[in-house]
1. Can you give the local net charge around K281? Use residues other than it whose beta-carbon is closer than 10 angstrom to its beta-carbon, Lys and Arg +1, Asp and Glu -1.
2. When a/c reaches 1.5 or more, the comparison of a/b and b/c decides; with that in mind, is the range 152-280 rounded, prolate or oblate per its Cα gyration tensor?
3. Run down the lysines and flag those whose C-alpha is under 21 Å from the C-alpha of K241, throwing out any fewer than 8 positions away in its chain.
4. For D158 paired with D174, estimate the spin-label separation in nm (one decimal), with each label point 7 Å from Cα along the Cα-to-Cβ line.
5. Could you name the aspartates and glutamates whose alpha carbon sits less than 20 Å from that of K105, not counting residues in the same chain fewer than 8 places away?
6. Using +1 at the Cβ of each Lys and Arg and -1 at the Cβ of each Asp and Glu in the range 152-280, identify which of A153, P195, A183 lies farthest towards the dipole's positive end.
7. Around L152, what is the net charge, scoring Lys/Arg as +1 and Asp/Glu as -1 over all other residues with Cβ under 14 Å from its Cβ?
8. Any idea what angle helix 230-242 forms with the longest principal axis of the chain, computed on alpha-carbon atoms, 0 to 90 degrees, nearest 10?
Amino acid sequence: MKRIVALSLFVGLVGFGGLAGCGKKKSDELSFGKAAEPFGPLAKIKFGMADTEIVEKAPEFEFKKFGGRARVGKHEYELKLVSTMKVVNEMKASLDKTKPEVITKAWGAGTPGVDVLDKPVTYYTNESKTVRAMVQPLGDDLWVEFLPMTPLASLVSDDGTTVAGIKLLGMTKDDAWKATNQAKFDSEMTKFEAPVTEWGTKHTLVTYNLDGETIVGYTVFLDTKLSPTAKDEILATLEKKWGKPTPTKNVLDSEELVYRAADPTIKVRPSDDTLFLEVKK
């Protein structure tokens, strides 16, 4: 009799445990929010957040010199750190044995394009246009990369003196480095990486022209390889901002589009896969 009671109790407990477990989410079960918003442990993190703060908010991440990594179930998540403050400016998720349809079901169709290596990818932008996600199949896995984003229309100020909120013209290169570092960009003494635009494949490179130690001009590298229409869409955005440009040729007989002739000059020099937006005092 005791054996029967014990066996009944054991079966009951197993059954209860099984039922209770039915409602629990597996550690590697994916749950997506709104389009292009970081998910999983990345949802706890914001761009510009320092590693010291992340340790408290997302203790699953382990950090080394230039980044952090976490594994949740079968999936891996990565963070890239930049600036002297060690802040996040890239997030990545590597989803084990996951098909692109999982993202499509949650976020919609997205925008087809290519990455920096001309591999096919799908791009998404979040509702506030502050985050851009790139989705790419890698074998049986799925790679999702998140970058901070600034729409091209607001990347450069109307007067051309400011890029991504950083005033460049007239600043010393030391002051520009301090400002870009404080803005939590990946920066060096004569260049920095601004947020990606809606047509970029990566962060937007900005380089300086110097007269001694003073910045007298800069160049913004606008990538046009994302899609066949990217170049035309970028030029349409710039025309809406500064008006119809005047076509001309430079001393090397290369085509230029002049949007502003002086104080400062603003022009675009096209190439095969890049539009060089040049601003000079």
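Please treat every number below as a calculation from the coordinates, not as lab data. The shown structure was predicted, so the numbers you read here are calculated from the model rather than taken from an experiment. Neighbour counts are summed over all protein chains in view; Cβ atoms, including those assigned to glycine, are modelled from backbone coordinates with ideal geometry.
1. Numbers: positive: K280; negative: D211, D263.
With Lys, Arg at +1 and Asp, Glu at -1, the neighbours total -1.
2. Values: a/c = 1.79, a/b = 1.30, b/c = 1.38.
In terms of gyration-tensor shape, oblate.
3. K129, K167, K231, K267, K280, K281
4. 3.5
5. Straight-line reach from K105, under 20 Å: D28, E29, E37, D96, E127, D140, D141, E145.
6. So the residue we want is A153.
7. On the way: positive: K129, R132, K231, K240, K241; negative: D158, E198, D223, D232, E233, E239.
Net charge around L152: -1.
8. With both axes taken from Cα atoms, the answer is about 60 degrees.
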